[in-house]
1. Would you compute, for the Cα atoms of the chain, the largest minus smallest coordinate along each principal axis and list the three values in descending order, in whole Å?
2. Quick one: if the Förster radius is 45 Å, what FRET efficiency do residue 96 and residue 2 give, using the C-beta to C-beta distance and rounding to 0.05?
3. Once the Cα atoms of helix 71-88 and of the chain are each reduced to a long axis, what angle between those two axes, in degrees from 0 to 90 to the nearest 10, is obtained?
4. If a paramagnetic tag sat 7 Å from the Cα of residue 107 along the Cα-Cβ line, which residues of region 177-202 would have the backbone N under 13 Å from that point?
5. Against the longest principal axis of the chain, how steep is helix 98-108, in degrees 0 to 90 to the nearest 10, with axes from Cα atoms?
6. Return one number: the angle in degrees, 0 to 90 and rounded to the nearest 10, between the long axis of the Cα atoms of helix 111-124 and the longest principal axis of the Cα atoms of the chain.
7. Equivalent-ellipsoid semi-axes (√(5λ), Cα gyration tensor) for region 1-82, whole Å, largest first?
8. What distance in nm separates the simple spin-label points at residue 147 and residue 55, each placed 7 Å from Cα in the Cβ direction?
Ligand code: MN3
């Protein structure tokens, strides 16, 4: 299936009150995400992948250890990652539903501890990548970090929350302060209702 750039699920200035500016979303969605879509479409054209679903392309082209050379995987996975990322934030849904709060506290000790561990994963990702809250196939919740475009689909996990720690995601608003960007993401940008929906579907 050809990739398509979805509109943001909110206005470009809808996250400014939470610390993500219109300019960041104009660059990140309109230019960076669009480039993954356009490059991915050029690469899958006339290949066996052209008729496959995005999820099948991501899992079918992932090869541990050779991500850097894998253009179809990189662009397809980044397209998928960004579609998740836009819906994981929002101008609404910023209060954590009680059931999700309980699951997170049970899994990580407390919500504060979860936020510390998630931030540490994002800060500890050397170079470009993502940090995630995932549901594993046994139902347990875990925090992971991945390089470049690698994502939970590659490991059979359900992505509940992901944060883009590529510099293009934070340099306009936070310059080099990745820890501050991650803390702000958790405290002011996450749509926890979306995370809870993902958990109930896992
Ligand atoms: Mn990005």
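What follows is calculated from the coordinates using simple rules that are stated; it is not laboratory data. Everything quoted here is computed from the prediction, not taken from an experiment. When we count neighbours, we look across all protein chains shown, and the Cβ atoms used for this are built from the backbone with ideal geometry, even at glycine.
1. Taking the Cα atoms of the chain, the three principal extents are 49, 40, 29 Å.
2. Values: r = 37 Å, r/R0 = 0.81.
Step by step, r from the Cβ atoms, then E = 0.80.
3. It works out to around 30 degrees.
4. 195-202
5. Helix 98-108 sits at roughly 80 degrees to that axis.
6. 40 degrees
7. Here the semi-axes work out to 27, 13, 10 Å.
8. 2.7 nm
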